[in-house]
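In what follows, a single structure is set out as structure tokens and then discussed.
No lab work stands behind these numbers, since they all come straight from the coordinates. The model shown is predicted, which means the values in this text are computed figures rather than measured ones. No Cβ is skipped: glycine too gets one built from the backbone with ideal geometry, and neighbour counts run over all protein chains shown.
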There are 2 protein chains.
Amino acid sequence: MTRSTDAERRYLEEFAAGDRLDVPGSYEMTPERVREFAGAYDPQAIHLDEEAARGEFFGRLVASGWHGLAATARLMVEARPLGNTPLIGASIDNLKFLAPVLPGDVLRVEAEVLETRASRSRPDRGFMRLRLLTRRQDGTPVLTQEWTLLLPSNRHK
Amino acid sequence: MTRSTDAERRYLEEFAAGDRLDVPGSYEMTPERVREFAGAYDPQAIHLDEEAARGEFFGRLVASGWHGLAATARLMVEARPLGNTPLIGASIDNLKFLAPVLPGDVLRVEAEVLETRASRSRPDRGFMRLRLLTRRQDGTPVLTQEWTLLLPSNRHK
């Protein structure tokens, strides 16, 4: 691994509770994307059949909740909050589907560090807990979740 | 809504803690699917660049954790545990990425009811909590999570 690559890797010790991560991108939930994602991973009438969706819970077509989550993951990955250090998920807690994501919605993500802690068993790594909030274009929160990411530590250097 | 459709809808009161839901399908995590999903929703080198992935945490290409979750969702939807009643997620708790999913793995899902409870505010609905376990072909657990689904109640009828 070259030195220049190492220079762009970020470590657990560079983050602290209360930090906000910059997530500048947005994701447009186009009708084509709604159909394609639901067809592959969540093939239900509420996501795919406009007529049938009218008689169901939301009263209209809605995007798959998993699609909103996948879009949130993409915005986080594109934001590169850890530079060249990969985003590796250990666990997710307190995930709530707050409101449906509709075809045509544009999603943005906010991310705040809740906690960092060293691994007890492995001095070369640790965990960072983040609170993520996904909003649609009018500001309505649609998804919230807490990610625990596995990060390298620089304590052992 | 026709009577024959209603007959295939399932209600909160038809389930109880300890019930196991039948999830007969499997999902093959082909290299093409790994690339396609990661390209769209988790564009990291650990999922897309074989050479670069060797120098990272898993030491090889792995599927996106979100892809394993989306595959789990698809297997649950295809299993139709609620008949014509849609699967509508309210929240997810205690989600853990237990082991990486590798290109070529075949995933299966087990689902058990943990709890059912009526809504306090709305007599026509309630919640069912499920524990899901996703395993790869050799039986290794790769993902676990608890889904809380929103279900119609037949108390008000």
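Of note:
- Checked against the criteria, B:Glu50 does not count as at the interface with another protein chain (Cβ under 10 Å from one of its Cβ atoms) and either free of Cβ contacts under 8 Å to residues at least 24 places away in the same chain or of a type in the set (Val, Ile, Thr) (or both).
- Of all the listed residues (B:Asp42, B:Asp124), the sole one being closer than 24 Å to A:Gln44 by Cα, crowded, with 19+ Cβ neighbours inside 10 Å and among the charged types (D, E, K, R) is B:Asp42.
Okay, residues lined up against (1) closer than 19 Å to A:Ser26 by Cβ; (2) within 14 Å of another protein chain (Cβ to nearest Cβ); (3) in contact with a Lys or Arg (Cβ under 7 Å, 6 or more places away or on another chain):
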{"position": "A:Pro103", "(1), (2), (3)": "yes, no, no"}
{"position": "A:Leu107", "(1), (2), (3)": "yes, yes, yes"}
{"position": "A:Gly126", "(1), (2), (3)": "no, yes, yes"}
{"position": "A:Thr140", "(1), (2), (3)": "yes, no, no"}
{"position": "A:Asn154", "(1), (2), (3)": "no, no, no"}
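- Some residue of region A:91-110 being surrounded by 18 or more Cβ atoms within 10 Å (Cβ to Cβ), more than 22 Å from B:Val142 (Cβ to Cβ) and of a type in the set (Gly, Ala, Ser): no
- Test: residue in region A:24-35 that is touching a residue at least 24 places away in the same chain (Cβ under 8 Å), more than 8 Å from every other protein chain (Cβ to nearest Cβ), closer than 30 Å to B:Gly59 by Cβ and within 14 Å of the chain's Cα centre (by Cα): yes
- Yes/no for A:Arg9 being within 16 Å of A:Leu150 (Cα to Cα) and more than 7 Å from chain B (Cβ to nearest Cβ): yes
- Filter result (acidic (Asp, Glu) and closer than 20 Å to B:Gly39 by Cβ) within region A:47-85: A:Glu78
Condition check ((1) over 13 Å from A:Leu12 (Cβ atoms); (2) among the β-branched types (Val, Ile, Thr); (3) in contact with a strand residue (DSSP E or B) (Cβ under 7 Å, 6 or more places away or on another chain)) across all residues:
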{"position": "A:Glu56", "(1), (2), (3)": "yes, no, no"}
{"position": "A:Ile88", "(1), (2), (3)": "no, yes, yes"}
{"position": "A:Ile92", "(1), (2), (3)": "yes, yes, yes"}
{"position": "A:Val109", "(1), (2), (3)": "yes, yes, yes"}
{"position": "A:Glu112", "(1), (2), (3)": "yes, no, yes"}
{"position": "A:Thr134", "(1), (2), (3)": "yes, yes, yes"}
{"position": "A:Gln137", "(1), (2), (3)": "yes, no, yes"}
{"position": "A:Gln145", "(1), (2), (3)": "yes, no, yes"}
{"position": "A:Thr148", "(1), (2), (3)": "no, yes, yes"}
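- Residue in region B:96-109 that is within 24 Å of A:Pro100 (Cβ to Cβ) and under 19 Å from the mean Cα position of the chain (by Cα) present: no
- Whichever residue in region A:61-101 is β-branched (Val, Ile, Thr) and under 24 Å from A:Ser153 (Cα atoms) and, among such residues, is farthest from the other protein chains (Cβ to nearest Cβ): A:Thr85
- Residue in region B:132-141 that is crowded, with 16+ Cβ neighbours inside 10 Å and of a type in the set (Gly, Ala, Ser) present: no
- When A:Leu130, A:Leu151, A:Leu69, A:Leu87 are checked against the criterion of being under 22 Å from B:His47 (Cβ atoms), touching a Ser or Thr at 6+ places or on another chain (Cβ under 7 Å) and touching a residue at least 60 places away in the same chain (Cβ under 8 Å), A:Leu151 stands alone in meeting it.
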